[in-house]
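A.B. asks: First, the structure itself, so that you have it in front of you.
The values are calculated or read from the model by the stated rules, or taken from the named source; none is laboratory data. If you're wondering where the values come from, they're calculated on a predicted model, not measured in any experiment. Counting neighbours? That spans all protein chains shown, and the Cβs are built from the backbone with ideal geometry, glycine included.
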Amino acid sequence: MTGGASGIGAAIAERLAAEGAEVWVGDVNTEGAEKVAGEINGHAIELDVTSLDSAKAAVEAVGDIAILVNNAGVDEFGFFPLTSPEQWQRVIDINLNGVLNCTAAALPVMQAATYGRIVSISSEAGRVGSKGSAVYSAAKAGVIGFTKVIARENGRYDITANAIAPGPIETPLLMGAKAMGEVGERLIDNMRSQTQLGRLGQPFEVAAAVAFLASDDATFVTGETLGVSGGLGMV
């Protein structure tokens, strides 16, 4: 899995390990990845999702890969006119290109085995948009579209591809918006109020959805986007 050193990624690693999976925790933060891996009796591996070569090297190290969880993500909070092309590129490289790179690296192994489960963490921002996160919303929308195509192209290999759209989850990524001061506080409060449950979600709640989509309980589920957002994405 990618982005496993903290937050949602760490929770996913813990849940999958509890379900009996041999978990490889990939992250550019190798110290964090090693900490998480040590806690779950898993493996840590250095992985830069913005590099296809790094993704291929990670898959080669893992070997037979049955489940890929594309979780690495980042945002550059700020209203769009106040952000820069450099910020846009970083957000796109990690959130969208990272999914492309890791999926491209893993697919040949899964196709050869005629089995695979790909779960990519998108966001409700990719479905409804999020103030202060224009490029993040665009990248996460791209993850949803990409997931549908991968599901269509790889069903014949018994490979499923699904996305999860978390709402506001209490993670370092979201709470980083507080660095924007009062504006950031208002953004978080607004997200909280837009959920039907009136609260922020927790990483373990996203991890439970990942475990379902990666399990034998979801063998006939593919090309879907599962909202884990307290009803924020209801239409």
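A.B. asks: Within segment 94-112, can one find any residue that is over 20 Å from Ser6 (Cα atoms), at pLDDT 95 or above, touching an Asp or Glu at 6+ places or on another chain (Cβ under 6 Å) and in a helix (DSSP H, G or I)?
C.D. replies: Checked against the condition, which is being over 20 Å from Ser6 (Cα atoms), at pLDDT 95 or above, touching an Asp or Glu at 6+ places or on another chain (Cβ under 6 Å) and in a helix (DSSP H, G or I), segment 94-112 yields no hits at all.
A.B. asks: I would also like to ask the following. Among what's in segment 1-28 and is among the β-branched types (Val, Ile, Thr) and within 20 Å of Lys56 (Cα to Cα), pick the residue that is surrounded by the fewest Cβ atoms within 10 Å (Cβ to Cβ).
C.D. replies: Result: Val28.
A.B. asks: When segment 1-30 is examined, which residues are found to be part of a loop (DSSP other than H, G, I, E, B) and under 18 Å from Ala163 (Cα atoms)?
C.D. replies: Selection gives Met1, Gly3, Gly4.
A.B. asks: Being at pLDDT 95 or above, closer than 15 Å to Ile12 by Cβ, among the small types (Gly, Ala, Ser) and not in a helix (DSSP H, G or I) is the requirement here; does Ala33 meet it?
C.D. replies: Answer is no for this residue.
A.B. asks: With the requirement that a residue be in a strand (DSSP E or B) and crowded, with 18+ Cβ neighbours inside 10 Å, what does segment 36-74 give you?
C.D. replies: Ala44, Ile45, Ile67, Leu68, Val69, Asn70
A.B. asks: Just to check your reading of the model, which residue among Val119, Val135, Val99 is buried (at least 17 other Cβ atoms within 10 Å of the Cβ) and in contact with a Gly (Cβ under 9 Å, 6 or more places away or on another chain)?
C.D. replies: Val99
A.B. asks: Exactly one condition in (1) part of a helix (DSSP H, G or I); (2) closer than 29 Å to Leu187 by Cβ is false for Gly78; which is it?
C.D. replies: With respect to (1) part of a helix (DSSP H, G or I); (2) closer than 29 Å to Leu187 by Cβ, Gly78 is out only on (1).
A.B. asks: Starting from residues that are of a type in the set (Phe, Trp, Tyr) and either surrounded by fewer than 16 Cβ atoms within 10 Å (Cβ to Cβ) or under 14 Å from Asp27 (Cα atoms) (or both), keep the ones in segment 75-93 and report whichever is modelled with the highest pLDDT.
C.D. replies: If we take residues in segment 75-93 being of a type in the set (Phe, Trp, Tyr) and either surrounded by fewer than 16 Cβ atoms within 10 Å (Cβ to Cβ) or under 14 Å from Asp27 (Cα atoms) (or both), then Phe80 is modelled with the highest pLDDT.
A.B. asks: Among the residues of segment 135-159, write down those that are in contact with a Phe, Trp or Tyr (Cβ under 6 Å, 6 or more places away or on another chain) and assigned to a helix (DSSP H, G or I).
C.D. replies: Val135
A.B. asks: Can I ask one more? Given the residues Gly201, Gly230, which is the only one that is without any contact (Cβ under 8 Å) to a residue 40 or more places away in the chain and buried (at least 21 other Cβ atoms within 10 Å of the Cβ)?
C.D. replies: Result: Gly201 is the single residue among Gly201, Gly230 that is without any contact (Cβ under 8 Å) to a residue 40 or more places away in the chain and buried (at least 21 other Cβ atoms within 10 Å of the Cβ).
A.B. asks: Tally time: how many residues in segment 166-206 are on the phi > 0 side of the Ramachandran plot and at pLDDT below 90?
C.D. replies: Summing the residues that are on the phi > 0 side of the Ramachandran plot and at pLDDT below 90 in segment 166-206 gives 1.
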